[in-house]
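Worksheet: the structure to be examined is printed underneath.
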Amino acid sequence: MSNELESLRERIEGINDEILALLQERGTIAKKIGEEKRKQGTQVYDPQREKEMLNHLIDNNEGPYNDNTIKQLFKEIFKASTDLQKSENEKHLYVSRKLKPEDTIVQFDNGAIIGNNKKSFVFGPCSVESQEQVDTVAKDLADRGEKFIRGGAFKPRTSPYDFQGLGEEGLKILKNTKDKYGLNVVSEIVNPSHFEMADEYLDVFQIGARNMQNFELLKEAGQTNKPILLKRGLSATIEEFIYAAEYIHSQGNSNIILCERGIRTYEKATRNTLDISAVPILKQGTHLPVMVDVTHSTGRKDIMLPCAKAALAVGADGVMAEVHPDPSVALSDAGQQMDLNEFDSFHKEIVQAAKLYEK
Ligand code: PEP
Ligand code: MN
């Protein structure tokens, strides 16, 4: 090798080291800027400032790299810094595992827990229709040793002409059932002013997919002291889902259960597309328990069991599914609720499967 080449290479390596040292310094300063922005509540990404910095660099560019190359290189450097600031910000989210490495465990008076490496189940009808209907399902669940029952009293239906639920009357039915069978009751709240009224009837307030970004509802849920089962929005990204949970937590309520319930995609073979990958991503990124609703995601009874098993296999803390004594006459979701016979085999199998994963 010629001496000239060798010495040029040495100089290049020296410059690499200098660039690295400068990048390290730049990153450290960017983190400090991030902290200041957090204190002031300003956005991490400031497009105007980025544009000004790029213009300044291009004005000073004397080659040999052309303006476009300089622009691309610095855009990468800027992006690395905003990524750094975002990742620092994530550590400051209440729901983030970076802030709290231990799993959140949601506990109930009757000894039930959600989280803590146990697999929990929430079954019950789509809508509360009558005392007899709920009691029939509750008896079946209690006989199986289940600890929860679900049922909607306020139904956020796509069409205003569909059954809207029994309202407070439905909550009273659930409370009667709770008193008879000792199950924790889970039911959806759609109006921020209803939490207070519903408090005496329910053990878990559900926030439905259609309300995942109803921020006033989330804030109010955060001011209650009951566990919140938060469903992923119909077209919500995982990041949006996590921020929705953050709305609740930031108001003081840390008892949050995330529920993946399928998202809208172009696929028509299922009612929604069950995003199974969301489960380990949510478990990694947050300390909250994660459940999977196999009814509203698949909308198909023939694949609910394998999907429920898949959910447990990827680390879900539990499964939700709809069960109705006579689905053919159900006032909502008639096509996708299991009858008690179908539920019998589903339940036996999923309880078996759960044993594989419980620690
Ligand atoms: C429900 O669980 O009753 C329900 C309406 O589900 P989602 O909000 O996920 O559509
Ligand atoms: Mn339903």
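Some notes on this structure:
- As a summary of the residue check, Gln43 satisfies the conditions (1) without any contact (Cβ under 8 Å) to a residue 24 or more places away in the chain; (2) not in a loop (DSSP other than H, G, I, E, B) except for the one numbered (2).
- For the stretch 55-79, the tally of residues that are under 18 Å from Gly34 (Cβ atoms) and surrounded by 14 or more Cβ atoms within 10 Å (Cβ to Cβ) stands at 2.
- Tallying residues that are surrounded by fewer than 24 Cβ atoms within 10 Å (Cβ to Cβ) and assigned to a helix (DSSP H, G or I) within the stretch 221-241 yields 4.
- Any chance Ile114 is touching a Pro at 6+ places or on another chain (Cβ under 7 Å) and within 25 Å of Leu234 (Cβ to Cβ): yes
- Residue pairs whose Cβ atoms lie under 6 Å apart, separated by 6 or more positions or on different chains, with the first residue in the stretch 200-211 and more than 19 Å from Val290 (Cβ to Cβ) and the second within 15 Å of ligand 2 (Cβ to nearest atom), are Leu202/Ser187; Arg210/Pro156.
- Of residues in the stretch 101-140 being surrounded by fewer than 17 Cβ atoms within 10 Å (Cβ to Cβ) and basic (Lys, Arg), the one farthest from ligand 2 (Cβ to nearest atom): Lys118
- Residue selected from the stretch 263-321 under the condition among the hydroxyl-bearing types (Ser, Thr, Tyr) and more than 16 Å from ligand 1 (Cβ to nearest atom), by the criterion nearest to the chain's Cα centre (by Cα): Thr286
- For the stretch 147-172, a tally of residues being surrounded by fewer than 23 Cβ atoms within 10 Å (Cβ to Cβ) and touching a residue at least 60 places away in the same chain (Cβ under 8 Å) returns 4.
- Residue count, the stretch 205-220 (criterion: surrounded by fewer than 21 Cβ atoms within 10 Å (Cβ to Cβ) and either within 16 Å of ligand 2 (Cβ to nearest atom) or of a type in the set (A, V, I, L, M) (or both)): 1
- Check on Glu18, without any contact (Cβ under 8 Å) to a residue 40 or more places away in the chain and either farther than 30 Å from His92 by Cα or in contact with a Pro (Cβ under 8 Å, 6 or more places away or on another chain) (or both): yes
- Filtered residues of the stretch 211-262 (kept if more than 13 Å from ligand 1 (Cβ to nearest atom) and of a type in the set (D, E, K, R)): Glu216, Lys219, Glu220, Lys226, Glu239, Glu240, Glu246
- First in the stretch 320-341 and free of Cβ contacts under 8 Å to residues at least 24 places away in the same chain, second anywhere and surrounded by fewer than 21 Cβ atoms within 10 Å (Cβ to Cβ) and part of a helix (DSSP H, G or I), Cβ under 6 Å, 6 or more apart: Ala334/Pro327; Asp339/Pro327
- Scanning the stretch 86-102 for residues that are at pLDDT 95 or above, under 11 Å from Gly285 (Cα atoms) and among the charged types (D, E, K, R) returns Arg97, Lys100.
The values are calculated or read from the model by the stated rules, or taken from the named source; none is laboratory data. Model, not experiment: these values are computed from the prediction. Positions of Cβ are generated from backbone atoms using ideal geometry, with glycine treated the same way; all protein chains shown enter the neighbour counts.
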